[in-house]
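Trainee: Below is the structure I would like to discuss, written out as C-alpha cells.
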Amino acid sequence: SLSLSNNNLLVATSFDSSVRCYQVAQQGQQVAANAVAEVKSDGPVLCSDFNQDGSSVYFAGAGDNTARMWQPGQPTAQTIGRHEKPIKCIQYVQMHNGLVITGGWDNSVKFWDTRQPNPIQSITVAQRVYAMDIRSPLMVVATADVPAHERQQNSPELRYVYTFNLQTFQHSTQPHSMDPSPLKHQTRCIATFPDQTGYAIGSIEGRVAIQHVDASKKDKNFAFKCHRQSGQQLVPGKQTSEVYAVNAIAFHPLGTFATAGSDGVFNFWDKDSKQRLKNFPRCNGSISAAKFSPSGNLFAYSVSYDWSKGREYYQPQAANDIFLHPVEASEVQPRPVKKQGVRGR
C-alpha cells in the first residue's frame, strides 16, 4: 500500500513485512524522495494511512492480525487493535478526536480509539472485506463473493457494497445501503468521490463502475472498460482482448481520478464528462498500488508483481519500485460535459 501525508511524507508497506517512510521534496517538475525511517511487522503489511497531521502512521495486515500505530523515527510500533483474521483495510478519520477504522477477513469492520484496548464499535458484514474507503461522513465497504455453498440454488454470484453514514453511528450501525456490486467479477478496489456523493469500484475484469449514493441520481451511474490490451485474432475478423485487474482507484481533489492496473498502465479520467484525460506509457510490471497526495500535486504508484498470472510469471530478479509523478494541471482538469460513453483501454 501507499499513503501520503500533508507534511510531504510517503509510506510504503509490502509483503516483506516492512513499513518504509520517505521524505518527499518537490520543486516544480523535479521530485526527490529520501528514506527516513523503517519498521518491521510480523507478516505482510496490506494497508496503511496517516493521521491528520502526518505525525503517526497506522498499518495492518496478516501475521498476527493486528493494527498498529507508528511514529516515523521510533524503533517500534504500538498495537492498537486486533481482528481474528488478516486486516485488509485501515483508515484514520478525524471524528471523536480521531478514530482508526479497520476492515478484515473475519467479516468485520471495527472502530478503534487508540487510547482503548477494545473496539468502540464493530460491524459484521456478509463476507471478507476486500476494499474500503472513507471520506467522512461517507464510508464504503466492498466484500468478497458469497461462497457457492452459501448461495441459493442457481442464484448468481454475489459480492456486496455497503455504504454508511458515519454521522449516525452514535445512534445506529445499520448501513445506509447494502447492494450487490454493479460489476460481475471480484472486487479489487473502491474509492469515494471527493464530494462524498458516491464512489468508483474496480474489478479483476478490467472494468470500473461509477455509483452515486443518492437513489435519485441512479441515472448517472455507469460502468466502463479499461486496462485491456489487444490480443490474438483467434477467429477471423474478431480481435480478442487481454483483460487485466484494476488494482487501484484514486481521486484527485478536483474530482477527476486515476486507475492503475495489472497491465502496468495508469490513466487519468473525468467521470462527469465520461472521458479519459490522459493515458501514460506502460510500465515494466503490474502497478500494485497508487495514490494522489492530499494536495493533488503528486501521484505515487508502485510497480511490483501482483500475482495476477500466478507463480509461473513471477520473476525474482524484477525490481519493486515506487514512482512519483508530478501532476500537471492539464492532466487532471475536468472537461466540459459531453454526451458520450467512456472509451477505455
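The values are calculated or read from the model by the stated rules, or taken from the named source; none is laboratory data. Since this is a predicted model, take the numbers as computed values, not measurements. Note: ideal-geometry Cβ built from the backbone for every residue, glycine included; neighbour counts use all protein chains shown.
Trainee: Considering every residue within region 307-322, establish whether at least one is within 21 Å of Leu4 (Cα to Cα) and not in a loop (DSSP other than H, G, I, E, B).
Mentor: yes
Trainee: Might you let me know whether region 65-83 holds any residue that is surrounded by fewer than 22 Cβ atoms within 10 Å (Cβ to Cβ) and touching a Pro at 6+ places or on another chain (Cβ under 7 Å)?
Mentor: Within region 65-83 (the criterion being surrounded by fewer than 22 Cβ atoms within 10 Å (Cβ to Cβ) and touching a Pro at 6+ places or on another chain (Cβ under 7 Å)), the answer is yes, since at least one residue qualifies.
Trainee: Could you list, in sequence order, the residues of region 1-33 that are hydroxyl-bearing (Ser, Thr, Tyr) and part of a loop (DSSP other than H, G, I, E, B)?
Mentor: Once the filter is applied, which keeps residues that are hydroxyl-bearing (Ser, Thr, Tyr) and part of a loop (DSSP other than H, G, I, E, B), region 1-33 yields Ser1, Ser5, Ser14, Ser17.
Trainee: Does Asp113 satisfy the condition of being acidic (Asp, Glu) and under 20 Å from the mean Cα position of the chain (by Cα)?
Mentor: no
Trainee: Of the numbered conditions (1) in contact with a strand residue (DSSP E or B) (Cβ under 7 Å, 6 or more places away or on another chain); (2) within 21 Å of Asp321 (Cβ to Cβ); (3) modelled with pLDDT under 95, Gly73 fails exactly one; give the number of that condition.
Mentor: With (1) in contact with a strand residue (DSSP E or B) (Cβ under 7 Å, 6 or more places away or on another chain); (2) within 21 Å of Asp321 (Cβ to Cβ); (3) modelled with pLDDT under 95 applied to Gly73, the lone miss is (2).
Trainee: Would you mind listing the strands (runs of 3 or more DSSP E) fully within region 193-295 where at least 3 residues are over 26 Å from Cys47 (Cα atoms)?
Mentor: 222-225, 228-230, 275-279
Trainee: Among the numbered criteria (1) within 17 Å of the chain's Cα centre (by Cα); (2) at pLDDT 95 or above, which single criterion is violated by Arg68?
Mentor: Of (1) within 17 Å of the chain's Cα centre (by Cα); (2) at pLDDT 95 or above, only one is false for Arg68: (1).
Rundown of residues vs (1) surrounded by fewer than 18 Cβ atoms within 10 Å (Cβ to Cβ); (2) of a type in the set (A, V, I, L, M), yes/no style:
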| site | (1), (2) |
| --- | --- |
| Ser14 | no, no |
| Ala32 | yes, yes |
| Ser55 | yes, no |
| Gly63 | yes, no |
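Trainee: Now a separate question. Residue check, Phe50 against (1) touching a strand residue (DSSP E or B) at 6+ places or on another chain (Cβ under 7 Å); (2) over 16 Å from Thr102 (Cα atoms), all met but one. Which one?
Mentor: The number of the failed condition is (2).
Trainee: Filtering region 254-280 down to residues that are crowded, with 19+ Cβ neighbours inside 10 Å and charged (D, E, K, R), which residue is nearest to Gly206 (Cα to Cα)?
Mentor: Out of the qualifying residues, it is Asp263.
Trainee: Next question. Only one residue in Pro253, Pro316 is at pLDDT below 95 and either closer than 19 Å to Cys189 by Cβ or of a type outside the set (Lys, Arg) (or both). Which one?
Mentor: Answer to the check: Pro316.
Trainee: Separate question: Just need a number here: residues in region 34-51 that are in a strand (DSSP E or B), over 19 Å from the mean Cα position of the chain (by Cα) and surrounded by 18 or more Cβ atoms within 10 Å (Cβ to Cβ).
Mentor: Total meeting the criteria: 2.
Trainee: Looking only at region 130-146, which residues are buried (at least 16 other Cβ atoms within 10 Å of the Cβ) and more than 20 Å from Lys291 (Cα to Cα)?
Mentor: Thr143, Ala144, Asp145, Val146
Trainee: Pairs under 6 Å by beta carbon, first residue closer than 24 Å to Thr66 by Cα and in contact (Cβ under 8 Å) with a residue 24 or more places away in the chain in region 33-44, partner among the hydroxyl-bearing types (Ser, Thr, Tyr) and outside any strand (DSSP E or B), six or more apart or different chains?
Mentor: Ser41/Ser17; Gly43/Ser17
Trainee: Another question about this same structure. Determine which member of the set Arg228, Arg282 is more than 17 Å from Ile190 (Cβ to Cβ), free of Cβ contacts under 8 Å to residues at least 24 places away in the same chain and in contact with an Asp or Glu (Cβ under 8 Å, 6 or more places away or on another chain).
Mentor: Just a single option satisfies the conditions, and that option is Arg282.
Trainee: Follow-up question, since we're still on this one. Can we say Thr187 is at pLDDT below 95 and either buried (at least 16 other Cβ atoms within 10 Å of the Cβ) or closer than 19 Å to Phe111 by Cα (or both)?
Mentor: When the stated conditions are applied, Thr187 does not pass them.
Trainee: State whether one or more residues within region 171-188 are out of contact with any helix residue (DSSP H, G or I) (no Cβ under 7 Å at 6 or more places or on another chain), in a loop (DSSP other than H, G, I, E, B), touching a residue at least 40 places away in the same chain (Cβ under 8 Å) and on the phi > 0 side of the Ramachandran plot.
Mentor: No, every residue in region 171-188 fails to be out of contact with any helix residue (DSSP H, G or I) (no Cβ under 7 Å at 6 or more places or on another chain), in a loop (DSSP other than H, G, I, E, B), touching a residue at least 40 places away in the same chain (Cβ under 8 Å) and on the phi > 0 side of the Ramachandran plot.
Trainee: Surrounded by 15 or more Cβ atoms within 10 Å (Cβ to Cβ), modelled with pLDDT under 95 and farther than 26 Å from Ser108 by Cα: does that describe Arg159?
Mentor: Considered against the rule, which asks whether it is surrounded by 15 or more Cβ atoms within 10 Å (Cβ to Cβ), modelled with pLDDT under 95 and farther than 26 Å from Ser108 by Cα, Arg159 comes out as no.
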